[in-house]
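Written out below as structure tokens is the structure these notes cover.
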Amino acid sequence: HDALPIGPLSGDDLSHVAPFVGDGDPRSEARAELLAAITSARDQIVITCTSTDVRTNKAVPESVLLDELLDILCTTMGLSAKEVREPEFAVVRTHPRQAFDRRNFVSDGIIPPFSFDPTALAGVSALAAADDRSDEEQVLLSAPLEPVGGSVTTIEPSELRSFFEHPVKAFFRNRLNVTGPNVSDVSEVQLPTSLGPLDRSKVGRDLLTMGLGLASPEDVVVDPERGGAAAEVQAVVDWYRARGLLPPPAVSNPTLAEISQEVAAMLSIADRYGVRRPAPTTHPIDLLLSNGVRLLGSVTGCIDGARPGPVRIEFHRDRPRHQVLLALDLLVLTATDPETSWRGVAIARPKSENDEPVSRVKGVVGATGAERQANALAALDVMISQYQEGQCYPLPLFEKTSYEFHVGGKPKGKWETQPGANGSPGEVEDGFHVLAFGSPSYNELVQLNAGGHTLGDEAERLWGTLESSLTDLNEDDHEAPQP
């Protein structure tokens, strides 16, 4: 157990819910059991407990009983609390959780090797060899893997979307079947006193989904004095509050008002573009490209009418990958049906509290259907080539760093973790990036040659292609047709 089983009972035993006189006291009983075990020992006694969390590796607080026992040992042995934990006194020993930890196979002269597992030893040797590599060798593969598939390869648009959301992660998942740890959120057992970032996003997504079907964007606005402006919105707020997900009204209502105002601003822009209330449709895709690749699947979330095309209205901050996903849908639709003037619309949250929502309206370059199709096919050829190479080798292609590198922004700030208490973690700390490239600094990343691929080449291949194949539509194209 994490800290000895001395807490209230759990599971189906509900006797602790309504205690009576004469019921056992778990804490006193645990103390008595520990004392009985100590006094019964003739030679040695071993007490085990969990010292670190298996998911986060953070220290687990010891039981009060163990702390008291260590205090008695300190007094008896004439040692300090720090000394009693030193290896030479053999009172407290901490064993690694992982069988492949190198500490299990080495001796410091006091504690002998702990493990004799040959498989774990092989893992330790591999890790040690990786740590001994030079900076130039801190990449996962020395040569690309063999391509998958024959002369005609079928690719679904969803596979391309998944790849360009996180290219390095897609390589590990698709080719090596490696996934990262999925640590679930810890349930909050106390009454919330504020709405955290995740809670704000969840509430905003729900309000946005509901607002897409309301009569007016203003119907989604929450009034702090009466809860909600529309019955549907009030029902959502009441549901959150009934489940204990919201702080008391005096605390939560101002925050709900801010979120709803942000959602209403996004919906107003959607109204201006005529993409708020139309029902989304799905377009099937079956496209054979010149390089022998067959795109087979569908593009969802589109609208019909005078200006059809993909629409992405989502309650999140604008990020480079969202631009790629919108562009990919536009290119696939244009290559399939070039005579239709497809228009892609994306609306996201403001970059900061005082800004307007971010909106992008894109179209494929070309005055005629033939020109648009040629540009779309050329761009898809480049993106699919990058996708195929990314299935054979982890490309140095990163969402934020690569985009900032291409536009002449601040790529170093996106790659390296910013100092200070409020500094955000950089992409260098992404677990999949560490597996593929180690933890290079930005200057080392720029010089890195990963299987013949560099940061600059891959950024230009993706973002240069999208920049030359797509165009921003003018204000006249934004206006929605009058009903």
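To the nearest 0.05, how large is the calculated FRET efficiency for residue 145 and residue 31 if R₀ is 51 Å and r is the Cβ-Cβ distance?
Working: r = 59 Å, r/R0 = 1.15.
It comes out at approximately 0.30.
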- Helix 26-40 sits at what angle to the longest principal axis of the chain, using alpha carbons and giving 0 to 90 degrees rounded to 10? 50 degrees
- Task: Return the label of the correct value of Cα Rg over 2.2 N^0.38 Å, as calculated from the structure shown, out of (1) 1.28; (2) 1.20; (3) 1.09.
- Result: (1)
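Tell me, what is the percent relative contact order of the chain, built from C-alpha pairs under 8 Å that lie six or more residues apart? Mind dumping the intermediate values first?
Working: 632 pairs, mean separation 65.2, N = 483.
For the chain, the relative contact order is 14 percent.
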- Message: Give the average over all directions of the projected area of the C-alpha convex hull of region 319-385, one decimal, in nm².
- Response: 4.8 nm²
- Note on the structure: Between residue 95 and residue 215, the two model label points (7 Å from Cα along the beta-carbon direction) sit apart by a distance in nm of 7.0 nm
- Task: Can you tell me the FRET efficiency between residue 472 and residue 42 if r is taken as the Cβ-Cβ distance and R0 is 56 Å, rounded to the nearest 0.05?
- Result: 0.10
- Task: Could you state how much accessible area residue 238 has, in square angstrom rounded to the nearest 10, with a 1.4 Å probe and all protein chains kept in place?
- Result: 80 Å²
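What FRET efficiency comes out for the pair residue 158/residue 286, r = Cβ-Cβ distance, R0 = 22 Å, nearest 0.05?
0.95
Per 0.36 nm of contour for each residue apart, how much would the distance between residue 353 and residue 279 grow if the chain were fully extended, relative to their Cα-Cα spacing? Don't jump to the answer; show the numbers that get you there.
Numbers: separation 74, 0.36 × 74 = 26.64 nm, distance 3.02 nm.
Here the segment from residue 353 to residue 279 would lengthen by 23.6 nm.
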- Where labels lie 7 Å past Cα in the beta-carbon direction, separation of residue 81 and residue 261 in nm: 4.9 nm
- Item | Set 169/414; 58/412; 362/414 screened for pairs whose C-alpha atoms are more than 24 Å apart | 58/412; 362/414
- Message: Can you tell me the orientation of helix 320-336 relative to the chain, as the angle in degrees between its alpha-carbon axis and the longest Cα principal axis, to the nearest 10?
- Response: 40 degrees
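Within the chain, what is the longest stretch that has no GluC sites (Glu not before Pro) placed in a DSSP loop and near at most 14 other beta-carbon atoms within 10 Å?
Free of exposed loop sites, the longest segment is 1-187.
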- Query: What is the P(r) of region 331-483, as percent of Cα-Cα pairs per 5 Å bin from 0?
  - Reply: 2, 8, 14, 16, 16, 14, 13, 9, 5, 2, 1, 0
- Message: Using amide H atoms built in the peptide plane, which far-off residues or other-chain residues are under 5 Å from residue 52 H to H?
- Response: 60
- Message: For residue 301, what residues show an amide H to amide H distance below 5 Å, using hydrogens built from the backbone and excluding near sequence neighbours?
- Response: 281
- Tilt, helix 249-273 to longest principal axis of the chain (alpha-carbon atoms), in degrees rounded to tens, equals 30 degrees
- Task: Run the quick spin-label model on residue 368 and residue 306: label points 7 Å from Cα toward the beta carbon, then report their separation in nm to one decimal.
- Result: 2.6 nm
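The values are calculated or read from the model by the stated rules, or taken from the named source; none is laboratory data. The structure displayed is predicted, hence computed values, not measured ones. Using ideal geometry, Cβ is built from the backbone for each residue, glycine included, and neighbour counts are taken over all protein chains shown. When the accessible area is computed, the model is the full protein with side chains, heavy atoms only, and any ligands, DNA or RNA have been set aside. Shrake-Rupley method; radii C 1.70, N 1.55, O 1.52, S 1.80 Å.
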